[in-house]
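Working notes for the structure below.
The values are calculated or read from the model by the stated rules, or taken from the named source; none is laboratory data. Because the structure is a prediction, the values reported are computed rather than measured. Glycine gets a Cβ as well: all are built from the backbone with ideal geometry, and neighbour counts include every protein chain shown. Surface areas here come from the heavy atoms of the whole protein model, side chains and all, with no ligands, DNA or RNA. Shrake-Rupley method; radii C 1.70, N 1.55, O 1.52, S 1.80 Å.
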Amino acid sequence: RDWSRGRELQTRLLRGAGGPGVLLWPFHDLAPDDLHFEAANQLAVRGIWQAEADSLDFSAWKVVTRRELARALFQLKVSLANTASAPKLNPTARYRDLSVTDPNRTAVEGMIALGDFGPQQETFGPEGEVNWGTLHRWLAALKLPANAGLARQKDLPLTRAELAIHLWAILKSQREWLPDQANYLKPGNDLDGDGVPDLEDGLPLPRRF
């Protein structure tokens with residue numbers, strides 16, 4: 001019933017107790033001694049890192065695209081307790097290369113709305129690859145901790161492993177939003193308001209936005 005204790009349990013499982021840690025998310029290419037093992041799993045179970053629908057791999061050394069970075073940063077930002085409200089999107093798309101039906105439009109435009117990104121171009125370039133400098137600039141625009149080393153090595157391509165490590169470090173340094181669970185898992189309560197009582201609901205916790 002105490003979601004914070006659930007998070008503690010997840011961490012213990014990942015770090016191991018008298019033996020190697022275990023996967024929380026079924027990535028087939030992660031090993032417990034990988035430096036990004038805990039970060040990738042912790043971000044995945046929170047929905048901050050969203051696994052590819054057609055792959056069981058994390059692909060740690062794949063370079064991150066602008067689409068992936070925006071999606072992860074938006075999910076990180078709305079996972080923090082000090083993010084007050086969800087951004088309201090315009091009915092028309094902001095960028096010519098991200099249509100209103102694009103599955104990542106909400107994340108990309110939401111990230112821009114939550115930060116101080118300045119004037120925007122007509123296109124976003126969602127499939128373009130990013131580097132350490134991009135991550136530093138976007139973190140700064142979102143008022144999230146940005147390691148100075150990112151700016152010093154700004155031209156280095158940003159891999160998924162490096163992104164996961166940075167984002168997990170940020171999340172650990174902030175207060176994570178958790179739903180009000182005063183009546184969670186009590187008979188008749190419906191925490192996420194979907195019409196299915198918590199005790200019968202396979203996914204009883206609400207998404208924040």
Q.
Taking only the Cα atoms of the chain, how large is their convex hull per residue, in Å³?
A. 149 Å³
Q) So for the chain, taking the charge dipole from beta-carbon charges (+1 Lys/Arg, -1 Asp/Glu), which of Asn41, Phe124, Phe58 sits furthest toward the positive end? A) Phe124
(Q) Run the paramagnetic zone check for Ala81: 7 angstrom along Cα to Cβ, then residues of the stretch 159-178 with backbone nitrogen under 18 Å. (A) 169-178
**Q.** Per-residue HN-Hα couplings for the stretch 133-143 [Karplus 6.51, -1.76, 1.60; θ = phi - 60°; Hz; x = Gly/Pro]
**A.** x, 4, 4, 4, 5, 6, 4, 4, 5, 8, 6
Q | Pairs of Lys in the stretch 67-209 closer than 17 Å at Cα, counting only those 8 or more apart or on different chains | A | 4
Q. Got a sec to turn the phi values of the stretch 48-55 into Karplus ³J(HN,Hα) couplings, 6.51 cos²θ - 1.76 cosθ + 1.60 with θ = phi - 60°, whole Hz, x for Gly and Pro?
A. 6, 9, 9, 5, 6, 5, 9, 9
Q.
Less than 15 Å Cβ to Cβ from Asp2, Lys/Arg counted +1 and Asp/Glu -1: what total charge do the surrounding residues give?
A. +1
Q. Ranked from the most accessible area to the least, with a 1.4 Å probe and all protein chains present, what is the order of Thr106, Thr134, Thr101?
A. Thr101, Thr106, Thr134
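Stretch Lys154-Trp177 to full length: gain in nm at 0.36 nm per residue minus the Cα-Cα span?
Additional length available on full extension: 5.2 nm.
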Q. So which residue, out of Glu127, Glu38, Glu176, gets the largest mean-square fluctuation from a GNM of the chain using Cα contacts under 10 Å as springs?
A. Glu127
Q) Do you know the relative contact order of the chain, to the nearest whole percent, from alpha carbon pairs under 8 angstrom that are 6+ apart? A) 21 percent
Q. Who wins for biggest fluctuation among Gln42, Gln174, Gln120 in a Gaussian network model of the chain, springs between alpha carbons below 10 Å?
A. Gln120
Q | the stretch 1-84: C-alpha gyration tensor shape, a/c 1.5 cut-off, then a/b vs b/c | A | oblate
Q. Amide H neighbours of Leu80 under 5 Å, counting only residues 5+ apart in sequence or on other chains, H built in-plane at 1.01 Å?
A. Trp177
Q: Just report the Cα centroid separation between the stretch 72-129 and the stretch 138-190, whole Å.
A: 16 Å
Q: Classify the stretch 43-156 as rounded, prolate or oblate, taking a ≥ b ≥ c as the square roots of the eigenvalues of its Cα gyration tensor: rounded when a/c is under 1.5, otherwise prolate if a/b is larger than b/c and oblate if not.
A: rounded
Q: For Lys62, enumerate residues with amide H under 5 Å from its amide H, sequence gap 5+ or separate chain, H modeled in the peptide plane.
A: Arg160, Ala161
**Q.** Accessible area of Ser173 in the full protein assembly, 1.4 Å probe (Å², nearest 10)
**A.** 70 Å²
Q) Among Gly16, Gly188, Gly128, which one shows the biggest mean-square fluctuation in a GNM of the chain, springs joining Cα atoms closer than 10 Å? A) Gly188
